[in-house]
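Accompanying notes for the structure given below.
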Amino acid sequence: MTKVVSTPAHSRHFGAKPRSAARSRLYARAVVPRDIDDDIDTTHAYPETAEARKTYVSPKTDRPVTEFQYRVYDVCRQVPSGRYSTYKAIAEHLRSGPRAVGNALGKNPFCPQPIPCHRILPSDCYIGGFSGDTKSKIFFKKAKLEKEGLQFDDKGFLVDSLQQPRFFADFK
């Protein structure tokens, strides 16, 4: 089995990517909530053993967490503070699709720690959704990432100067 490795020097992530006007409009229409949750420290118990994983029921969905979701979470937890990765990079590592990775992270009951799903962005470095929401919770995601040292422009995109230096894809 060949492992796909994405690094800034060899990744398809850092070509000339057009900024989507639709994403800019989405960001402009997003509703800024009165109170922004920028908590990056709360830690939730994460089932480490196979037995604990089989019996864990997500409080977010009232369903068991799937094996695929655990695979996504195990990869996501490797992204260090102050860095980001993309749905695509995780999908390549898992030999899956970016949308499946996004769906798993949208159901993450272990946020912000130990599974920091706020550190995962779309390949165009737009802020993207957070906790299954693209209208107001994106400001929670943005606040969490800014607290960790990332910066976004006024259209919701990670500033160009941080895209390559802060990209993480060295998954184990």
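Looking at this structure, is Phe110 open to solvent by less than 40 Å² (accessible area, probe 1.4 Å) and touching a strand residue (DSSP E or B) at 6+ places or on another chain (Cβ under 6 Å)?
Answer is no for this residue.
Collect the residues in the stretch 138-158 that are aliphatic (A, V, I, L, M) and in a loop (DSSP other than H, G, I, E, B), keeping them in residue-number order. So that I can check it myself, show each step before the final result.
As a first pass, look at the stretch 138-158 and keep what is aliphatic (A, V, I, L, M): 138, 143, 145, 150, 158.
Hit for the stretch 138-158 is Leu150, nothing else.
Answer with yes or no whether Arg99 is within 29 Å of Pro64 (Cβ to Cβ), out of contact with any Ser or Thr (no Cβ under 6 Å at 6 or more places or on another chain) and open to solvent by 10 Å² or more (accessible area, probe 1.4 Å). If you could, list the steps in order and put the result at the bottom.
Values: within 29 Å of Pro64 (Cβ to Cβ): yes; out of contact with any Ser or Thr (no Cβ under 6 Å at 6 or more places or on another chain): yes; open to solvent by 10 Å² or more (accessible area, probe 1.4 Å): yes.
Criteria met by Arg99.
Could you please tell me which pairs satisfy a Cβ distance under 6 Å, a separation of 6+ or placement on different chains, a first residue in the stretch 119-130 that is over 11 Å from Pro98 (Cβ atoms), and a second residue that is in a loop (DSSP other than H, G, I, E, B) and open to solvent by 10 Å² or more (accessible area, probe 1.4 Å)?
That search, which allows pairs on different chains as well, returns Asp124/Lys17; Phe130/Lys137.
Can you list the helices (runs of 4 or more DSSP H) lying wholly within the stretch 29-99 that have 1 or more residues being under 15 Å from Cys117 (Cβ atoms)?
Those helices (runs of 4 or more DSSP H) span 67-76, 87-94.
Of everything in the stretch 15-61 that's of a type in the set (S, T, N, Q) and surrounded by 13 or more Cβ atoms within 10 Å (Cβ to Cβ), which residue is farthest from Val159 (Cα to Cα)?
Per the criteria, the residue is Ser58.
Is it the case, given these coordinates, that Leu94 is open to solvent by less than 40 Å² (accessible area, probe 1.4 Å), more than 11 Å from the chain's Cα centre (by Cα) and among the aliphatic types (A, V, I, L, M)? Please lay out each step first, then the result.
Details: open to solvent by less than 40 Å² (accessible area, probe 1.4 Å): yes; more than 11 Å from the chain's Cα centre (by Cα): yes; among the aliphatic types (A, V, I, L, M): yes.
In short, yes.
So which of Pro80, Pro64 is loosely packed, with under 15 Cβ neighbours inside 10 Å, under 18 Å from Glu146 (Cα atoms), of a type outside the set (Val, Ile, Thr) and at pLDDT 95 or above? Outline the logic, then answer.
Values: Pro64 fails: under 18 Å from Glu146 (Cα atoms).
Exactly one residue qualifies, and that residue is Pro80.
I'm checking my understanding of the structure. Among residues of the stretch 124-171 that are in contact with an Asp or Glu (Cβ under 7 Å, 6 or more places away or on another chain) and surrounded by fewer than 19 Cβ atoms within 10 Å (Cβ to Cβ), which one is farthest from Phe110 (Cα to Cα)?
Result: Val159.
Of the conditions (1) part of a helix (DSSP H, G or I); (2) in contact with a Phe, Trp or Tyr (Cβ under 6 Å, 6 or more places away or on another chain); (3) under 22 Å from Thr43 (Cα atoms), Leu105 clears all except one; give me its number.
Here Leu105 clears every test but (2).
The values are calculated or read from the model by the stated rules, or taken from the named source; none is laboratory data. Just so we're clear, the structure is a prediction, and the values are computed from it rather than from any experiment. Neighbour counts run over all protein chains shown; Cβ positions are idealised from the backbone, glycine included. Side chains are part of the model used for accessible areas, which takes the heavy atoms of the whole protein and leaves out ligands, DNA and RNA. Shrake-Rupley method; radii C 1.70, N 1.55, O 1.52, S 1.80 Å.
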